[in-house]
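These notes are about the structure you will find just below.
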2 protein chains.
Amino acid sequence: MEVKLAFVGFGNVARAFARMLESRRGLLGSRHSIQFRTTAIATARHGSIIAPEIDLLKAVELAEDGQSLNELRSASECGDSLSVIERCDADVIFETSPLDPSQGEPAVTYVRRALERGINVVTANKGPVAFAYRELAELAKRRGVQFRFEGTVMDGAPVFNLAEFCLPGVTVTGFSGVLNSTTNLVLTRMEGGASFDEALAEARALGVTEADSGYDLDGWDAAVKTVALANVLMNADARPVNVERRGIRGVTAESLKAAAQSGEAVRLVSRAMTRNSVLRLSVSPERVPVSSQMGAARGTSNVLILDTDLMGDIAIFEADPGVDQTAYALLSDLLTIVKGPKGQ
Amino acid sequence: MEVKLAFVGFGNVARAFARMLESRRGLLGSRHSIQFRTTAIATARHGSIIAPEIDLLKAVELAEDGQSLNELRSASECGDSLSVIERCDADVIFETSPLDPSQGEPAVTYVRRALERGINVVTANKGPVAFAYRELAELAKRRGVQFRFEGTVMDGAPVFNLAEFCLPGVTVTGFSGVLNSTTNLVLTRMEGGASFDEALAEARALGVTEADSGYDLDGWDAAVKTVALANVLMNADARPVNVERRGIRGVTAESLKAAAQSGEAVRLVSRAMTRNSVLRLSVSPERVPVSSQMGAARGTSNVLILDTDLMGDIAIFEADPGVDQTAYALLSDLLTIVKGPKGQ
């Protein structure tokens, strides 16, 4: 099977995915019977191109050297991202444009337009899932294509796929988790004696922090992920503004010390629970036992605990994720699309 | 779709599954389009019956009252388990016979015979996976049916399905985990000050302990699970005797206290790792940090950490499992079978 791929957004994650894809070209052919070629790349700063076959590694090099993708021979320049989506000849579009956390745009528009054209979409962008999940999932179904987004929460660790493929017949009744790497690194470094500023600088150096660090520190990133999970796993139709949200700026070295004296640690905890048929979503710093799944999530590690009807509580934990784990999410979604929807 | 079900073994797990099935009959119809009827039940002590349609809840009652299933009208008596497997008219057989841990029999024979007849098999029995996985998986493939066994390790928490459905393209390079509930309950109760005998009595009262408690305490159960995981997830062809195995009888109150003073806990840890192309499997008591995924697995809880090439380490954790979680494994496997194999 030959699959034509298009990239909308070509930042760190997309380029790591591109390298992962090319390094496994042989394996994808032999083990999964997938041949692929890249037919379009849209970037914000390096131009946008369309071609029958783009040299993907060469495109990665050009982007990383700060050059224009138009340097690639036999590729034609193609306006902005939206015109790439309108015109590309692709089976799967990988949407990794920068996120506007207050509206989810322009990703929502990009995903909608691609699905309308009958193209499968993989996104690592939380916006479409937090702001327009229901609409986009229905649109994908109507057009007979897939809308996949495993990378939006906990990178490539299976969260949405876990519920979809591994918990048939189960109802998720709530969840809790540590979902934001920046705040978790800051909290655990402060536990170890670092100052807030030192800890934040380390998170920035690791590249896990959003450009606007308030987005992490004030709990917005965790809130958007909480909404994405609730919309998909609990059939909610929530928006980030519906989350009771408190960030970590009020957490002091003293409060961490007091917690430690009781065998506890402070984590920025995302929660979803239903009381009297009302869904309540929250993000706030909480004291949790040091020896618990959330307490054991240190540094950039994440954990999600699903409360279920038939299976009790099960947790999935991702250790020290980096950009390769997010890139894997895109690969995982691609392979899920190629295998086709499960069952009838 | 109508599915005909047969039970080989009708103990606690099978009966809990039978109740779960009946209580969700409406939901299975409306949400999964599954109608089911039971056409055979083989038990060791309550007789074995075959019929066009067996009243499953009535059969559960009879077995729990210690009566013979032959009390059911319109069902005919049918010899032993093997003759039920030979003669039943079923689409799926649920195999939950008692395990002989040294050979995996009679479960291996039962599963083989059912697959040979072209019947899908769901087992909660570790024997077939630890002693004959490769043969049985190939046989199932040849006959175009499924051989599923999610309940053999960590009950219904997705372990095998996680790797099969949620980690496409990933190679599992090793694993570690806490997989035996009895020893974990004993160790954590001893940490809390209970004596070995008190702790074991509690495990027995909870019903999580095998009839021969040496099977748990000496690490056999954990070893069989380690082999099952290695055979399926790492394409090994190991047997329980290949596991370097040490149980928990040597763990003393003093050694637990010494560990605690270093912020550590003792867990019976299963490990698989490959060094110089040689797979090494082990089960032994190890000191782990209290604040780690394994340290946070207390009481009957289990955890499995998969080491992977593309996704780093990911862990799955099951909190305080009981018989309903094992029953769910059978339901999960049934739904997986009904949906059909994923993709091409």
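The values are calculated or read from the model by the stated rules, or taken from the named source; none is laboratory data. Fair warning: this is a prediction, and the values are worked out from it, not measured in the lab. Every residue, glycine among them, receives a Cβ derived from its backbone with ideal geometry; neighbour counts consider all protein chains shown. Please note that ligands, DNA and RNA were not included when accessible areas were found on the heavy atoms of the full protein model with its side chains. Shrake-Rupley method; radii C 1.70, N 1.55, O 1.52, S 1.80 Å.
Rolling a 1.4 Å probe over the protein heavy atoms leaves B:Y110 with an accessible area of roughly 40 Å².
Do the sum for the protein assembly as shown: with -39,500 (n - 2.57) for every DSSP H run of n ≥ 4, divided by all residues, what is the mean residue ellipticity at 222 nm, to the nearest 500 deg cm²/dmol? It would help to have the intermediate numbers written out before the result.
Working: 26 runs with 276 residues, N = 688.
Mean residue ellipticity at 222 nm (helix-derived): -12000 deg cm²/dmol.
Each copy carries a label point for A:S23 at 7 Å from Cα along the beta-carbon vector; from one copy to the others these points are 4.8 nm apart, nearest first. Spacing of the modelled spin labels on A:R87 and A:M273, each 7 Å from Cα toward Cβ, amounts to 5.4 nm. Looking at the protein assembly as shown, the DSSP beta bridges with both ends there are about 65 percent antiparallel. Of the three principal axes defined by the Cα atoms of the stretch A:125-177, the extents in descending order read 30, 25, 19 Å.
Relative contact order of chain B, taken over Cα pairs closer than 8 Å and 6 or more residues apart, is 17 percent. Element breakdown for the stretch B:270-315 at a 1.4 angstrom probe: carbon and sulfur atoms account for 48% of the accessible area.
Which residues in the stretch A:235-252 place their backbone N less than 16 Å from a point set 7 Å from the Cα of A:R280 along the Cα-to-Cβ direction? The answer is A:242-246, whose backbone nitrogens lie closer than 16 Å to the label point. Excluding A:A265 itself, calculate the net charge of residues whose Cβ lies under 14 Å from the Cβ of A:A265, where each Lys or Arg counts +1 and each Asp or Glu counts -1. It works out to a net charge of +2. Estimated at the nearest 10 Å², the accessible area of A:F196 is 50 Å² with a 1.4 Å probe. Solvent-accessible area per residue in the stretch A:178-291 equals 45 Å², computed with a 1.4 angstrom probe and all protein chains kept. Spin-label model, B:R37/A:E61: points 7 Å from Cα along the beta carbon direction are separated by 6.9 nm. Dividing the Cα radius of gyration of the protein assembly as shown by its Kirkwood radius returns 0.98 for Rg/Rh.
Using a probe of 1.4 Å on the protein chains alone, the accessible area found for B:S284 is around 20 Å². Panel values: the stretch B:202-255, Kirkwood radius from alpha carbon pairs, Stokes-Einstein at 20 °C and 1.002 mPa s, translational diffusion coefficient 171 µm²/s.
DSSP beta bridges in chain B, what fraction antiparallel, as a percent rounded to 5?
Values: 34 of 53 bridges.
Of the beta bridges lying entirely in chain B, close to 65 percent run antiparallel.
Mean partner shielding of peptide B:165-174, defined as the number of other chain Cβ atoms within 10 Å of each residue Cβ, is 6.
For A:S48, neighbours were defined as the other residues whose beta-carbon sits under 12 Å from its Cβ, and their charges (Lys and Arg +1, Asp and Glu -1) total -1.
Note on exposure: A:E244, A:E150, B:E286, A:E210 ranked by accessible area (1.4 Å probe, complete protein assembly) read A:E244, A:E210, B:E286, A:E150, with the most exposed listed first. Can you tell me the 0 to 90 degree angle between the C-alpha axis of helix B:12-23 and the longest principal axis of chain B, rounded to 10? Computed tilt is about 60 degrees. Taking label positions 7 Å along the Cα-Cβ direction at both A:A201 and A:S23, the computed distance is 3.1 nm, reported to one decimal.
Backbone amide hydrogens, once placed in the peptide plane, bring A:V243 within less than 5 Å of nothing, excluding anything fewer than 5 places away on its chain.
Ascending distances from the A:G118 label point to its copies in the other chains, with the point 7 Å along the Cα-to-beta-carbon line: 3.7 nm. Quick check on chain A: what are the equivalent-ellipsoid semi-axes from the Cα gyration tensor, as sqrt(5λ), descending, whole Å? Semi-axes from the Cα gyration tensor: 35, 23, 18 Å. When the accessible area of each residue in the stretch B:305-325 is compared between its chain alone and the complete protein assembly (1.4 Å probe; ligands, DNA and RNA ignored), which residues differ by at least 30 Å², being lower in the assembly? With the partner chains in place, the stretch B:305-325 has these residues losing at least 30 Å²: B:L310, B:M311, B:D313, B:I314, B:A315, B:I316, B:F317, B:A319, B:Q325. Gap in Å between the Cα centre of the stretch B:248-284 and the Cα centre of the stretch A:215-241? Measuring centre to centre over Cα atoms gives 39 Å. Here, P(r) means the percent of Cα pairs in each 10 Å bin from 0 to the largest distance; for the stretch A:95-149 it is 30, 60, 11. Just the protein heavy atoms count here, and of the accessible area of the stretch B:25-176 at 1.4 Å, carbon and sulfur take up 45 percent.
Choose one of B:A51, A:A315, B:L21: the residue whose Cα lies farthest towards the positive end of the charge dipole of the protein assembly as shown (beta-carbon charges +1 Lys, Arg; -1 Asp, Glu; about the Cα centre). Of the options given, the answer is B:A51. Computed with a 1.4 angstrom probe on protein heavy atoms, the A-B interface buries about 4000 square angstrom of accessible area in total. Between the stretch B:57-112 and the stretch A:1-80, what's the alpha-carbon centroid distance in Å? What the calculation gives is 57 Å, centre to centre. In the full protein context, the stretch B:1-77 carries 47 Å² of accessible surface per residue, based on a 1.4 Å probe and ignoring ligands, DNA and RNA. Taking the Cα centroid of the stretch A:180-195 and of the stretch B:116-148, what is the distance between the two, rounded to the nearest whole Å? Cα centroid of the stretch A:180-195 versus Cα centroid of the stretch B:116-148: 48 Å apart.
Label-point distances for A:N242 to the equivalent site in the other copies, using a point 7 angstrom along Cα→C-beta, read 5.1 nm when ranked shortest first. Net charge of the neighbourhood of B:A203, taken over other residues with C-beta under 9 Å away and scored Lys/Arg +1, Asp/Glu -1, is 0. Dividing the radius of gyration of the alpha carbons in the stretch A:227-318 by their Kirkwood radius gives 0.99 for Rg/Rh.
Lysine pair count for chain A with Cα-Cα distance under 20 Å and sequence separation of 8 or more or different chains is 6.
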